[in-house]
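Heads up, the thing below is written out as structure tokens.
Computed from the coordinates by the stated procedures, all read-outs in this text should not be read as laboratory data. As the structure is a prediction and not an experimental result, all values here were calculated from the model. As a convention, Cβ positions derive from the backbone with ideal geometry for all residues, glycine included, and neighbour counts pool all protein chains shown.
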Amino acid sequence: MRTLHNQEYVLTKKDLIISKTDLQGNITYVNNDLVRISGYSREELIDKPHNIFRHPDMPKEVFEGLWRAIKQRVLWTGIVKNKTKYGGFYWVRAEITQIYDEHRKTIGYMSVRRHVDPKDIEKAKKIYADIKAGHSWSFIPFK
């Protein structure tokens, strides 16, 4: 599936995007749905920074909060606009958590992304526009 510049891919309720990263955010695993939806091949993604998907509409403050949370071993949930290889985009409800070894040491992170309700996308757009306009948010109110 190839999305064109500024074309939106709307996830279905069957789509389930999964990726794993090392502690620095470099991709170590992607599932078939991520490959299909993003337009990247598996080979193009492995060992690349996960922010390859970051859409310019997303405020950097959202990702700063995300990293603060996951480094403190807190599950992070939020609505994220990602970009595709070909300049399109897709919205997801993302959950990011730690991957542990047998000694409970964090060795990486896993992100699971799903379809998001259009009403939540509209809320996210307003919040992110506020953040980009300089209004601060101590949290992103999505669950």
Going fewest to most other Cβ atoms within 10 Å around each Cβ, ILE127, ILE79 line up as ILE127, ILE79
Highest GNM mean-square fluctuation, the chain, Cα pairs closer than 10 Å: which of ARG73, ARG114, ARG104? ARG104
Provide the net charge surrounding ASP47, with neighbours chosen by a C-beta distance below 15 Å and charges set as Lys +1, Arg +1, Asp -1, Glu -1. 0
Calculate for the chain the 222 nm mean residue ellipticity that helices alone would give, adding -39,500 (n - 2.57) per DSSP H run of length 4 or more and normalising by residue count, nearest 500 deg cm²/dmol. -7500 deg cm²/dmol
Taking LYS20 as the anchor, which aspartates and glutamates have their alpha carbon closer than 15 Å to its alpha carbon, excluding any fewer than eight residues away along the same chain? ASP33, GLU43, GLU44, ASP47, GLU95, ASP101
Amide H to amide H under 5 Å from HIS55: which residues, 5+ apart in sequence or cross-chain, H placed 1.01 Å off N in plane? LYS83
Counting only DSSP beta bridges with both residues in the chain, tell me the antiparallel percent, nearest 5. 95 percent
Before anything else, pin down the relative contact order of the chain: Cα pairs under 8 Å, at least 6 apart, normalised by residue count, whole percent. 29 percent
Within the set of other residues whose C-beta is less than 11 Å from the C-beta of ALA94, count the net charge using Lys and Arg as +1 and Asp and Glu as -1. +3
Among LYS20, LYS126, LYS81, whose mean-square fluctuation peaks in a Gaussian network model of the chain (Cα, cutoff 10 Å)? LYS126
Compute the Rg/Rh shape ratio of the chain: radius of gyration over Kirkwood radius, all on alpha-carbon atoms. 0.95
Alpha carbons only, please: Rg and Dmax for segment 1-72, in angstrom. 13.2, 38
Quick one: of LYS13/LYS83; LYS48/LYS125; LYS48/LYS85; LYS71/LYS119; LYS71/LYS126, which pairs are farther than 25 Å apart, Cα to Cα? LYS48/LYS125; LYS71/LYS119; LYS71/LYS126
